[in-house]
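Participant: Pasting a structure below so you can have a look.
Computed from the coordinates by the stated procedures, all read-outs in this text should not be read as laboratory data. Because the structure is a prediction, the values reported are computed rather than measured. Virtual Cβ from ideal backbone geometry, glycine too; neighbours counted across all protein chains shown.
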Ligand code: MRU
């Protein structure tokens, strides 16, 4: 997608040296477009853990380049194992991390020396290219859901939570891919962007990227979604996901479950967009089997923004002695999901439908 007319991906190899990895530092958005140059596996592990890069598909792609950086320094078997363990421990919920590392290891383990390093960069690039093609396919399959509601040129109002746009992937996004395609086709779309406390990925990232593409949108407090659905102001909900069980339970950013409940109560379709690399075929019950990341209390007790004097400021919003809890994800049971938008097409959120659509991996 484009930033001020210039096409970008969310991660790429530095054109000047051909080996360092460039990312967009998402902790600086929307205040600054900062593009750090990462030169070590440790720097990449930090970038994932501290959420300079985030979003399930981008976490996977970043980890793949983390392995490539590690192999450039030392392509030994032990360093390959070390890189996979270190990068694999950065974030627990998004299964794409484990998927990408497993793909890298299967590809690299039989090789050695310089061939392993060259192959690591090539495989990381292939993971990125596959991600772009996959998300474009998700966009094409999700587009008819929007088109069907755009009869007689009426505006289609879509609610989304967190950021599942192009900067959460390598390009296009998952939940936002059908929205970008609808907008580019001239359909009158409008997105309700939930701010997504505590880290505000909606307010800072989704609003930023939709704005850069010119897509009409309105930021709302997380608590406003149910009210808007009751008023008939939401035609459909589309969210991304960090892990889907083989039975169709969906882990996504904290607060997603409440929107699925409100959508069900109000007859609003609730769709989840995902690449098949987000499906964890080894587990069935999302509530008991998906690890939920617990993040720092400070994400709840403070907020960061631009102060009136133009500086970026972090302020405390909770009494000094009040503790906070910060579960970063929740699980929406499959029964509340209208359907899954995958790279192969629309799929019901249940074991039989998923197994039929992805029969070779199920
Ligand atoms: O904690 P984050 O910002 O990595 O959480 C991201 C989400 O929950 C996204 O909705 C999900 O990863 C899908 S991204 C295409």
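Participant: With a 10 Å Cβ neighbour count serving as the proxy for reagent exposure, in which order, fewest first, do 72, 243 appear?
Facilitator: Lowest to highest Cβ neighbour count: 72, 243.
Participant: Simple spin-label model, 7 Å along Cα-to-Cβ: residue 28 to residue 309 in nm?
Facilitator: 2.2
Participant: What FRET efficiency comes out for the pair residue 221/residue 79, r = Cβ-Cβ distance, R0 = 41 Å, nearest 0.05?
Facilitator: Result of the calculation: an efficiency of 0.30.
Participant: Angle between the Cα long axis of helix 77-88 and the longest principal axis of the chain, 0 to 90 degrees, nearest 10?
Facilitator: 20
Participant: While we're looking at this one, here's another question. Only Cα pairs within less than 10 Å get springs; with that Gaussian network setup on the chain, which residue of 262, 43, 106 has the largest fluctuation?
Facilitator: 106
Participant: Rank these for me by crowding, 162, 128, going from fewest to most other beta carbons within 10 Å.
Facilitator: Going from least to most buried by this count: 128, 162.
Participant: Rounded, prolate or oblate: which fits segment 66-157 when a ≥ b ≥ c are the square roots of the eigenvalues of the alpha-carbon gyration tensor, with rounded for a/c under 1.5 and prolate only if a/b beats b/c?
Facilitator: Prolate shape, in that a/c is at least 1.5 and a/b is the bigger ratio.
Participant: With axes computed from alpha carbons, what is the tilt in degrees of helix 95-108 against the longest principal axis of the chain, rounded to the nearest 10 within 0 to 90?
Facilitator: Result, in degrees: 30.
Participant: At 1.002 mPa s and 20 °C, plugging the Kirkwood radius over alpha-carbon pairs of the chain into Stokes-Einstein gives what diffusion coefficient in µm²/s?
Facilitator: Taking Rh from Cα pairs, D becomes 104 µm²/s.
Participant: Taking a ≥ b ≥ c as the square roots of the eigenvalues of the Cα gyration tensor of segment 102-142, is the shape rounded (a/c under 1.5), prolate (a/b larger than b/c) or oblate?
Facilitator: Prolate.
Participant: I want to check the label-to-label distance for residue 105 and residue 266. Put each point 7 Å from Cα in the C-beta direction and report it in nm to one decimal.
Facilitator: With each label placed 7 Å out from Cα toward Cβ, I get 4.4 nm.
Participant: Determine the distance separating the Cα centre of segment 5-78 from the Cα centre of segment 192-241; give it in Å without decimals.
Facilitator: 27
Participant: Among 219, 272, 53, which comes first, then next, by fewest other beta-carbon atoms within 10 Å?
Facilitator: 219, 53, 272
Participant: When the chain is modelled as a GNM with alpha-carbon springs shorter than 10 Å, which of 168, 328, 148 fluctuates the most?
Facilitator: Comparing 168, 328, 148 in the GNM, the peak value goes to 148.
Participant: Using a basic spin-label model with each label point 7 Å from the Cα along Cα→Cβ, how many nm lie between residue 321 and residue 152?
Facilitator: So the two model labels end up 6.2 nm from each other.
Participant: Highest first, please rank the peptides 188-201, 305-318, 25-38 by the mean number of other Cβ atoms sitting within 10 Å of their residues.
Facilitator: Packing order, densest peptide first, comes out as 188-201, 25-38, 305-318.
Participant: I would also like to ask the following. Averaging sequence separations of C-alpha pairs under 8 Å and six or more residues apart, then dividing by the length of the chain, give the relative contact order as a whole percent.
Facilitator: Dividing the mean separation by the residue count of the chain yields 15 percent.
Participant: Counting only DSSP beta bridges with both residues in the chain, tell me the antiparallel percent, nearest 5.
Facilitator: 55
Participant: For the chain, find the longest principal axis of its Cα atoms and tell me its angle to the long axis of helix 256-266, 0 to 90°, nearest 10.
Facilitator: 30
Participant: Another question, if that's okay. Hey, for a label at residue 125 modelled as a point 7 Å past Cα toward Cβ, could you say which residues of segment 40-57 have their backbone N under 20 Å away?
Facilitator: Under cut-off, by backbone N: 40-41.
Participant: Can you tell me how much longer the chain between residue 288 and residue 352 gets when fully stretched, taken as 0.36 nm per residue apart minus their C-alpha distance, in nm with one decimal?
Facilitator: Fully extending the segment from residue 288 to residue 352 adds 21.0 nm.
Participant: Sticking with this one: For the chain, modelled as a GNM with alpha-carbon contacts under 10 angstrom, which of 215, 331, 300 fluctuates the most?
Facilitator: Greatest mean-square fluctuation among the candidates belongs to 300.
Participant: Sticking with this structure for a sec: Checking the a/c ratio against 1.5 first, then a/b against b/c, what shape does the Cα gyration tensor give for segment 142-357?
Facilitator: Oblate shape, in that a/c is at least 1.5 and b/c is the bigger or equal ratio.
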